[in-house]
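> For reference, the structure I am asking about is given below.
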Ligand code: AVI
């Protein structure tokens, strides 16, 4: 069902996030231990991710920004003016303004589950674009979201930059693409558009460096998950005995992040006991990379027809415009 403005974090009597505890306890009980990547983003994790986007080795943000800067005129020709831009996520302070200045939209609707961040970034954006109506919606965009009545009659453009789609396995990303279609609505005669960032397959050494930088910021980002488990779930994970790993999985065309035990360890989380042998890992994130064909196939599976594709000058990252 479509959601809007409901309480999104379910805390127990002790103030513990129930969904986080459930995911961690069940994930640590699997033969290959795994925790869903969305739990990387508490306040500390979100700040570390911001820091990652400025790293020398982490090219995706720069590459995508380069495309947004260079292709403004083409965006305007293909997308037209006056659409309501619905961003899946709170929007970045750089990429979103580039798109909005290029296409002169009729409204901007950012959707995010993190309400505080959403309100802050929306206020900053409204200041930058004084004439533009901004309608932030606090919602989980993985399902269909009810858009504000003010934009109901407008044509829509969905915006999902950053290759965040790559952090999902195919089943989940197809579900999301279909939910986006449902959220954006439209008719045969008035099809919504989607502008989506998808990072490209490239040399494994370049990809692994992007996810294991020399300054150790990505390592800190990954290890923060163990710290968060200790903080919020009364965990006793020995963080100093865990090592950040970034590995290219060629079969699934993705960079995987893991936390690897450097010795045999035993620990508890919310009173439950776990053990890891030296070398065993907790899988914490997938970042899928695409080819032109695999990107098109995924979009088609999700109900979107690719219309146009742009890449940066070094061919590292793609932005695709698709139509429902
Ligand atoms: C948010 N997401 C697209 C990032 C990525 O590249 O997969 C998250 C990230 N993980 C490590 N570095 C960046």
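Computed from the coordinates by the stated procedures, all read-outs in this text should not be read as laboratory data. For clarity, every value in this text was computed on a predicted model and none was experimentally measured. Ideal geometry is used to build each Cβ from the backbone, glycine not excepted, and the neighbour counts take in all protein chains shown.
> When the convex hull of the Cα atoms of segment 195-284 is projected onto a plane and the area is averaged over all directions, what value comes out in nm²?
On the way: hull surface 30.1 nm².
With the hull built on Cα positions only, its mean projection is 7.5 nm².
> Debye sum, Cα scatterers, segment 176-216, no solvent: what log₁₀ I/I(0) at q = 0.16, 0.19 1/Å?
-0.62, -0.68
> Can you list, bin by bin at 5 Å, the percent of alpha carbon pairs in segment 74-128, starting at 0?
4, 19, 32, 25, 13, 5, 2
> With a ≥ b ≥ c taken as the square roots of the eigenvalues of the C-alpha gyration tensor of segment 8-54, please select rounded if a/c is under 1.5 and otherwise prolate if a/b is larger than b/c or oblate if it is not?
In terms of gyration-tensor shape, oblate.
> Which order do 202, 127, 215 fall in if you start with the one that has the fewest other Cβ atoms within 10 Å? Before the final figure, lay out the partial values.
Values: 202 16, 127 9, 215 12.
Taking fewest neighbouring Cβ atoms as first place, the list is 127, 215, 202.
> Based on the Cα atoms of segment 62-164, what semi-axes does the equivalent ellipsoid have, where each is the square root of 5 times one gyration tensor eigenvalue, given in whole Å with the largest first?
20, 16, 13
> Radius of gyration and Dmax for the chain's Cα atoms, expressed in Å?
Answer for the chain, Rg first and Dmax second: 20.1, 61 Å.
> Ok, one more. Hey, fewest Cβ within 10 Å first, where do 309, 62 land in order?
Lowest count first: 309, 62.
> Could you compute how fast segment 3-106 diffuses translationally, taking Rh as the Kirkwood radius over C-alpha pairs and applying Stokes-Einstein at 25 °C with viscosity 0.890 mPa s? Give it in µm² per second. Don't skip to the end; give the middle numbers.
Working: Rh = 17.3 Å.
This corresponds to a translational diffusion coefficient of 142 µm²/s.
> Please work out, to two decimal places, the log10 of the ratio I(q)/I(0) at q = 0.33 Å⁻¹ from a Debye calculation in which every Cα of segment 147-192 carries one identical scatterer.
Relative scattering, expressed as log10 I(q)/I(0), comes to -1.21.
> Specify whether the C-alpha gyration tensor of segment 277-324 places it in the rounded, prolate or oblate class, a ≥ b ≥ c being the square roots of the eigenvalues: rounded for a/c under 1.5, otherwise prolate if a/b is larger than b/c and oblate if not.
Values: a/c = 4.18, a/b = 1.93, b/c = 2.16.
It comes out oblate by the Cα gyration axes.
> So, one more: Using a ≥ b ≥ c from the Cα gyration tensor of segment 162-246 (square roots of the eigenvalues), is it rounded, prolate or oblate, where a/c under 1.5 gives rounded and otherwise the larger of a/b and b/c decides, a/b for prolate?
Oblate shape, in that a/c is at least 1.5 and b/c is the bigger or equal ratio.
> Right, next: Counting DSSP beta bridges with both partners in the chain, what percentage is antiparallel, nearest 5?
65
> Based on the Cβ-Cβ distance from residue 30 to residue 297, what FRET efficiency comes out when R0 is 25 Å, to the nearest 0.05?
The pair residue 30/residue 297 has a calculated efficiency of 0.30.
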